[in-house]
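Presented below is the structure to which this report refers.
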Amino acid sequence: TERANLPTTENPAIDGFSVAISQNPNEAELYVKRADMYYQHEGYDEAIADLKKALSIDSTNVDYLHLLAEVHLDYYQSYEAISTMLKAAELYPKRIPTLLKLAEFQLILKQYDKSINTINEVLKLEQLNAKAYFMLGLNFKDQGNIDRAIGSFQTAVENNPDLVDAWINLGQLHAEKGSKLAKYYFDNAVKVAPENIVALHAKAEFLHFSNQQAAAIETYRKINSIDPDYSESLFNTGIIYLEMDSLALAKTHFNMALKTSPTYIIAYYYRGLIEEMQGDTAAAKKDYQNALNFNPEFVRAQEALDRLK
């Protein structure tokens, strides 16, 4: 595997930790801090080496084990990741954060029975642990058991009303079922975390697909007041305006989306559509070609370009 190119002369923080390590070679925390820096820059091999060195000094430090598991998982080393978390759980069989992280890893790797068993161990230790019920809900949702997922997420928010991700999941699952309760859950998600972009985005999407365009646009604007460079809300607003036949406003929002995210392939395509509808064939061709430059497999853009040729 190609190692990250992180020469110390280009990374003063890593260089600083390397100097400190040379002076204190038995200080485990220094290796961990340097590992975290490598990890942030996708230097996975270096991060793993440093964490293993730290664990050779302090073999039972649960935080080191958690971080090592996360690095392995992000490096697509799933066996090493789960093995590391199993070791942590073996060392600390009654430590709830460790068991919850193990359950999360098992869920990610689609080991549903094992994940649910681990969650049940948490619930034996703490009967009303909201995060455990949330994780249980994710397991059921992933397996398509929507009613049990809803029940688990509901229990999670009853025990911790601030668990915004559970409110979002409840909204999405009720929306899938066509239930009018969906809006209540999305509203609660935003009430709990008024500036949480994930919650606002989920609510805006629900409003859009419920044909509440004005409310959806307002919610997307709220997102961009928090993060002006959040290109997805700009693009989605453009789509709503396009559906409303407001071509000028749609194009303005696709322009803004592309300004904040110049590789936003689908935005080139939709801007091209508007230009084609407005009779600006040259601009439309250019945008379809831009989309294809980033993704030569983009069938709709190729078909559009062929149509204009």
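The values are calculated or read from the model by the stated rules, or taken from the named source; none is laboratory data. The structure presented is a predicted model; accordingly, all values stated were derived computationally and were not measured. A quick note on method: Cβ atoms are made from the backbone with ideal geometry, for glycine too, and the neighbour counts reach across all protein chains shown. Calculation scope for accessible area: heavy atoms of the full protein, side chains included, ligands and nucleic acids excluded. Shrake-Rupley method; radii C 1.70, N 1.55, O 1.52, S 1.80 Å.
Would you work out if the stretch 40-93 is rounded, prolate or oblate? Take a ≥ b ≥ c from the square roots of the eigenvalues of the alpha-carbon gyration tensor; rounded if a/c is under 1.5, else prolate when a/b is larger than b/c, oblate otherwise. Please list the in-between numbers first.
Working: a/c = 2.37, a/b = 1.30, b/c = 1.82.
Here the stretch 40-93 falls in the oblate category.
If you place +1 on the Cβ of every Lys and Arg and -1 on the Cβ of every Asp and Glu, how big does the dipole about the Cα centre of the chain come out, in debye to the nearest 20? Write out the running numbers ahead of the final one.
Numbers: 30 positive and 42 negative charges, 143 e Å.
Its charge dipole is roughly 680 debye.
As I understand it, the dipole of the chain uses +1 on the Cβ of Lys and Arg and -1 on the Cβ of Asp and Glu, about the Cα centre. Which of Ala304, Asn11, Gln143 lies farthest toward its positive end?
Gln143
In degrees, nearest 10, range 0 to 90: what is the angle between the Cα axis of helix 213-226 and the longest Cα principal axis of the chain?
50
When only DSSP loop residues count, what GluC sites (Glu not before Pro) in the stretch 130-206 have their Cβ near at most 15 other Cβ atoms within 10 Å?
Numbers: sites: Glu158, Glu176, Glu195, Glu205; in loops: Glu195.
Here the sparse-neighbourhood loop sites are Glu195.
Hey, got the dipole for the stretch 121-194? About the Cα centre, +1 on K and R Cβ, -1 on D and E Cβ, debye to the nearest 20? Mind dumping the intermediate values first?
Details: 8 positive and 9 negative charges, 42 e Å.
My answer is approximately 200 debye.
Quick check: the angle from helix 62-74's long axis to the longest principal axis of the chain, C-alpha only, nearest 10 degrees?
Approximately 40 degrees, to the nearest 10.
Quick one: length gained pulling Met244 to Ile108 fully straight, 0.36 nm per residue minus the C-alpha distance? Mind dumping the intermediate values first?
Numbers: separation 136, 0.36 × 136 = 48.96 nm, distance 3.95 nm.
Full-extension gain reported as 45.0 nm.
First check a/c for the chain, with a ≥ b ≥ c the square roots of the eigenvalues of its C-alpha gyration tensor; if it is under 1.5, answer rounded, and if not, answer prolate when a/b is larger than b/c or oblate otherwise. Provide the component values of the computation, followed by the final result.
On the way: a/c = 2.47, a/b = 1.38, b/c = 1.79.
It comes out oblate by the Cα gyration axes.
On C-alpha positions alone, give me the angle between the axis of helix 197-209 and the longest principal axis of the chain, in degrees, nearest 10.
40
Write out the trypsin sites (Lys or Arg not before Pro) in the stretch 165-254 meeting two conditions: DSSP loop, and at most 14 other Cβ atoms within 10 Å of their Cβ.
Values: sites: Lys177, Lys180, Lys183, Lys191, Lys203, Arg221, Lys222, Lys251; in loops: Lys177, Lys180.
For trypsin sites (Lys or Arg not before Pro) across the stretch 165-254 that sit outside H, G, I, E and B with at most 14 neighbouring Cβ atoms in 10 Å, the list reads Lys177, Lys180.
If you take the square roots of the eigenvalues of the alpha-carbon gyration tensor of the stretch 239-309 and sort them as a ≥ b ≥ c, do you get rounded (a/c under 1.5), prolate (a/b over b/c) or oblate? Mind dumping the intermediate values first?
Numbers: a/c = 1.89, a/b = 1.23, b/c = 1.55.
Verdict is oblate for the stretch 239-309.
Please list, in order, the residues from the stretch 50-65 whose amide nitrogen is less than 18 Å from a point placed 7 Å along the Cα→Cβ vector of Lys94.
62
Students often forget the sequence filter, so: which aspartates and glutamates lie under 17 Å Cα-Cα from Lys131 once same-chain residues fewer than 8 apart are removed?
Output for Lys131: Glu104, Glu121, Asp142, Glu158, Asp162, Asp165.
Please give the length that would be gained between Lys286 and Gln143 if that part of the chain were fully extended, namely 0.36 nm times their separation in residues minus their C-alpha to C-alpha distance (nm, one decimal). Numbers along the way, then the final one.
On the way: separation 143, 0.36 × 143 = 51.48 nm, distance 4.35 nm.
Net length gain for the segment: 47.1 nm.
Ignoring ligands, DNA and RNA, what percent of the 1.4 Å accessible area of the chain is carbon and sulfur?
Values: 7970 of 16180 Å².
The C+S portion of the solvent-accessible surface of the chain is 49 percent.
Counting only heavy atoms of the protein chains, get the accessible area per residue of the stretch 13-127 (1.4 Å probe) and round it to a whole Å² value.
On the way: 5950 Å² over 115 residues.
I get 52 Å² per residue for this part.
What residue among Ile239, Ala214, Ala257 has its Cα farthest toward the positive end of the dipole of the stretch 205-309, where the charges are +1 on Lys, Arg and -1 on Asp, Glu, each on the Cβ?
Ala257
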